[in-house]
Amino acid sequence: MKKAFLYIWGKLMVLFRKIDYKPIHVTRFPTDFEIFDKTIYIIGHPGFPKWAVMQCPCGCKVPLTLSLMKHKKPNWECNIKNQKATLSPSVWKTDGCKSHFFLRNGKVIWA
Ligand SMILES: [Zn+2]
C-alpha cells in the first residue's frame, strides 16, 4: 500500500516537474534502485565518466544505462552545473515503455 502510494506520488511529482534528478558520482553500478529514485549515477573514475545510470522517469522501474564513452554508439554527453545534470541528446527507449525525454538541468522534459 505504501509502495503504491509512493509510486503514484512519484509519478505526479515527475509530471509536475517538482523533483530534480541529482547527479552522484560512483565507481560501481548501483545495485538497488529505490522507487522513484531521482538520482543519476555517473559511473567511472573522476574525470573519466563511463556510464550514466538513471531510473526511467515514466515509473516503469527500468534502469536506463547510457554510455558516456565517445567510442560507444549511441553515447550521451552529461553536463553537470550546480548539481544538476543535462543529458544530450534525448533519451529514447525503443523497447518497453518507449519513453522519450530530455533531461535538462535535472528536469525531465517529455518529448
Ligand atoms: Zn519507462
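Semi-axes of the equivalent ellipsoid of the chain: what are they in whole Å, largest first, if each equals the square root of 5 times a C-alpha gyration tensor eigenvalue? Show your work: numbers first, answer last.
Values: eigenvalues 100, 44, 38 Å².
Whole-Å semi-axes of the equivalent ellipsoid: 22, 15, 14.
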Ignoring trypsin sites (Lys or Arg not before Pro) buried by more than 16 other Cβ within 10 Å or outside DSSP loops, the longest site-free run in the chain is 29-60
Which residues qualify? For GLN55, with a placed amide H closer than 5 Å and at least 5 residues away or on another chain, they are THR39, LEU64
Scalar couplings 3J(HN,Hα) for segment 62-75 by Karplus 6.51 cos²θ - 1.76 cosθ + 1.60 (θ = phi - 60°), nearest whole Hz, x for Gly and Pro, are 8, x, 9, 10, 10, 6, 9, 8, 5, 7, 9, 10, x, 9
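Before rounding to the nearest 500, sum -39500 (n - 2.57) across all DSSP H runs of length at least 4 in the chain and divide by the residue total; then give [θ] at 222 nm in deg cm²/dmol. Display every interim value, and only then the final one.
Values: 1 runs with 14 residues, N = 111.
Helix contribution divided over all residues of the chain: -4000 deg cm²/dmol.
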Expected field for THR86, accessible surface area in Å² at 1.4 Å probe radius, rounded to 10, holds 40
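Go through LYS22/LYS72; LYS22/LYS81; LYS3/LYS61; LYS81/LYS107 and tell me which ones have a Cα-Cα distance over 18 Å in this structure.
From LYS22/LYS72; LYS22/LYS81; LYS3/LYS61; LYS81/LYS107, over 18 Å: LYS22/LYS72.
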For VAL62, the accessible surface traced by a 1.4 Å probe with all protein chains present amounts, in square angstrom to the nearest 10, to 60
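With both partners inside the chain, how many of the DSSP beta bridges are antiparallel, as a percent to the nearest 5? Don't skip to the end; give the middle numbers.
Values: 23 of 28 bridges.
Of all bridge pairs located within the chain, approximately 80 percent are antiparallel.
What number comes out for the charge environment of SER67, summing +1 per Lys or Arg and -1 per Asp or Glu over other residues with Cβ under 11 Å away? Spell out each step's value before the answer.
Numbers: positive: LYS50, LYS70, LYS72, LYS73; negative: GLU77.
Net charge around SER67: +3.
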The answer for GLU77, listing residues at least 5 apart or on another chain whose modeled amide H is closer than 5 Å to its amide H, is SER88
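The values are calculated or read from the model by the stated rules, or taken from the named source; none is laboratory data. Since the model is a prediction, treat every value here as computed from it, not as a measurement. Cβ coordinates were reconstructed from backbone atoms using ideal geometry, including for glycine residues, and neighbour counts include every protein chain displayed. The protein model used for the area step is the full one, side chains on, heavy atoms only, and it has no ligands, DNA or RNA in it. Shrake-Rupley method; radii C 1.70, N 1.55, O 1.52, S 1.80 Å.
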